[in-house]
Amino acid sequence: MSIAKRAFGCYEGQAVEAYTLTNSVGASVTILTCGGILNRILVPDRNGVLGDVVCGFDTMEDYIADAGSYTGALIGRYGNRIGGGGFSINGVFYPIRNNEGGVCHLHGGVVGFNRKIWAAEPQEGEGEDRLVLTLFSPDGEEGYPGNLNVKVTYTFDDASALTIQYEAVSDRDTVLNMTNHAYFNLNGYDGGSVMEQELYLDADRYDAVDELLLPIGDPVPVDGTPFDFRTMHPIAVPFDHSFVLNGEIGCYRKAGEAYDPASGRTLTLYTDMPAVQLYTGVFMDGATKFKGGVPQRRLHAFCLETQYSPNTPNRPTMPSCLLRAGERYHTKTTFAFGVRASAL
Ligand code: BGC
């Protein structure tokens with residue numbers, strides 16, 4: 001395996017680098033030091049032809065111009081939405097910055113982890129390469145309590161599995177919910193709609209949402225609804241919803257799988273997180289252009305954002321995202337790429 005580094009422009013006067021981790025079959029993952037952005041994932045189709053299965057932009061300027069999609073980026077401190085203007089810890093209310101319509105906090109606020117330059121340490125290895133990214137988020141940033149030291153490790157291996165490990169320690173009790181906002185299209189980011197691509201999710205319940213996309217009450221059963229992905233089938237309709245994953249929370253397990261009949265590519269999802277947001281590019285309008293000028297069209301990609309459920313800090317019945325002072329936050333998600341030999 002090998003790691004190559006190149007310049008990828010500037011962000012707010014700081015140099016941005018692109019690291020490419022390449023495995024022994026020629027598959028590769030390119031990560032930017034700005035936002036820890038997954039810029040390119042080249043994996044083979046069923047005929048061995050490499051294709052780029054993640055949306056992204058050619059230049060830093062394009063990433064900066066595209067403020068709202070969070071394409072490929074690491075998200076923090078809180079992936080997804082927090083309502084009510086903040087949350088309470090130990091009886092103290094912490095107001096946080098509402099960056100969505102002035103009423104909701106989305107993906108970490110006005111300046112989230114997606115807009116930070118991370119320090120990078122490449123680690124080449126036998127059978128797998130790693131890129132270790134670190135960041136310091138000061139007490140009070142975007143309203144969150146606690147000085148937070150964050151470490152995200154991307155690992156890419158010879159079997160074309162991409163694993164993301166999120167670690168952090170805070171000096172005060174806080175909440176934390178990190179994820180990655182990759183937009184996948186297994187037929188290539190320029191490969192058209194993902195509605196024919198198939199999905200399996202090991203989830204018996206999902207969150208119904210209100211007009212602000214905040215959950216209404218407790219999660220509800222998927223039975224008899226389009227949210228039932230317990231048997232693999234085409235995505236078919238738009239989604240922007242959080243699914244509660246089955247299995248023991250904190251236990252790293254297979255949580256889902258996607259399959260593209262056209263290319264034969266598969267993506268198997270493993271995580272120890274309690275939920276996943278399925279987002280199918282509902283708000284993309286074709287105006288923004290991805291790599292090579294490809295329009296960012298509605299429903300041309302899907303995100304599988306592993307995380308705590310939306311608005312968890314204000315939902316006492318959900319698994320808690322509270323991180324106690326001095327405790328170690330550690331979660332892990334894998335996107336394992338593969339192929340099926342022929343369409344079933
Ligand atoms: C959210 C969407 C949002 C998108 C881009 C997703 O995680 O669920 O509602 O539009 O991110 O910000």
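Restricting segment 269-293 to residues that are surrounded by 15 or more Cβ atoms within 10 Å (Cβ to Cβ) and among the β-branched types (Val, Ile, Thr), the residue that is farthest from the ligand (Cβ to nearest atom) is THR271. When segment 238-268 is filtered for residues that are of a type in the set (A, V, I, L, M), away from the ligand (no atom under 16 Å from the Cβ) and part of a strand (DSSP E or B), the ones remaining, listed by number, are ALA255, ALA258, LEU267. Taking each residue of segment 240-252 that is in contact (Cβ under 8 Å) with a residue 24 or more places away in the chain and looking for partners that are more than 16 Å from the ligand (Cβ to nearest atom) and in a strand (DSSP E or B) with beta-carbon atoms closer than 7 Å, six or more apart or interchain, yields VAL244/ARG205; LEU245/ALA255; GLY247/ARG253; TYR252/TYR270; TYR252/LYS332. How about segment 182-207: which of its residues are part of a loop (DSSP other than H, G, I, E, B), within 14 Å of the ligand (Cβ to nearest atom) and over 14 Å from MET318 (Cβ atoms)? Within segment 182-207, ALA182, TYR183 qualify. Beta carbons closer than 9 Å, at least 6 apart along the sequence or on distinct chains, pair a first residue in segment 301-327 that is free of Cβ contacts under 8 Å to residues at least 40 places away in the same chain with a second that is away from the ligand (no atom under 11 Å from the Cβ) for SER320/VAL175; SER320/TYR308; SER320/THR312; SER320/PRO313. Scanning segment 106-135 for residues that are among the charged types (D, E, K, R), assigned to a loop (DSSP other than H, G, I, E, B) and crowded, with 17+ Cβ neighbours inside 10 Å turns up just one, LYS116. How many residues does segment 48-89 contain that are among the hydrophobic types (A, V, I, L, M, F, W, C), surrounded by fewer than 18 Cβ atoms within 10 Å (Cβ to Cβ) and within 13 Å of the ligand (Cβ to nearest atom)? Matching residues across segment 48-89 total 1. The listed residues are GLY143, GLY108, GLY112, and the only one of them that is over 20 Å from VAL16 (Cβ atoms) and either over 21 Å from the mean Cα position of the chain (by Cα) or free of Cβ contacts under 8 Å to residues at least 60 places away in the same chain (or both) turns out to be GLY143. ARG172 falls short on exactly one of the conditions (1) within 30 Å of ARG297 (Cβ to Cβ); (2) part of a loop (DSSP other than H, G, I, E, B), and that condition is (1).
Given VAL43, VAL25, VAL29, which one is assigned to a loop (DSSP other than H, G, I, E, B) and in contact (Cβ under 8 Å) with a residue 24 or more places away in the chain?
Numbers: VAL43 fails: assigned to a loop (DSSP other than H, G, I, E, B); VAL29 fails: assigned to a loop (DSSP other than H, G, I, E, B).
So the residue among VAL43, VAL25, VAL29 that is assigned to a loop (DSSP other than H, G, I, E, B) and in contact (Cβ under 8 Å) with a residue 24 or more places away in the chain is VAL25.
Note on segment 88-105: among residues that are part of a strand (DSSP E or B) and aliphatic (A, V, I, L, M), the one that is farthest from ASN311 (Cα to Cα) is VAL92. Scanning segment 309-331 for any residue that is more than 22 Å from ARG77 (Cβ to Cβ), touching a strand residue (DSSP E or B) at 6+ places or on another chain (Cβ under 7 Å), modelled with pLDDT of 95 or more and part of a loop (DSSP other than H, G, I, E, B) turns up nothing. Can you confirm whether GLY36 is within 18 Å of LEU176 (Cα to Cα), in a loop (DSSP other than H, G, I, E, B) and either free of Cβ contacts under 8 Å to residues at least 60 places away in the same chain or among the acidic types (Asp, Glu) (or both)? No.
The values are calculated or read from the model by the stated rules, or taken from the named source; none is laboratory data. Note that the coordinates shown come from a computational prediction; the quantities given were computed from them, not determined experimentally. Reconstructed Cβ throughout: ideal geometry from the backbone, glycine too, with neighbour counts over all protein chains shown.
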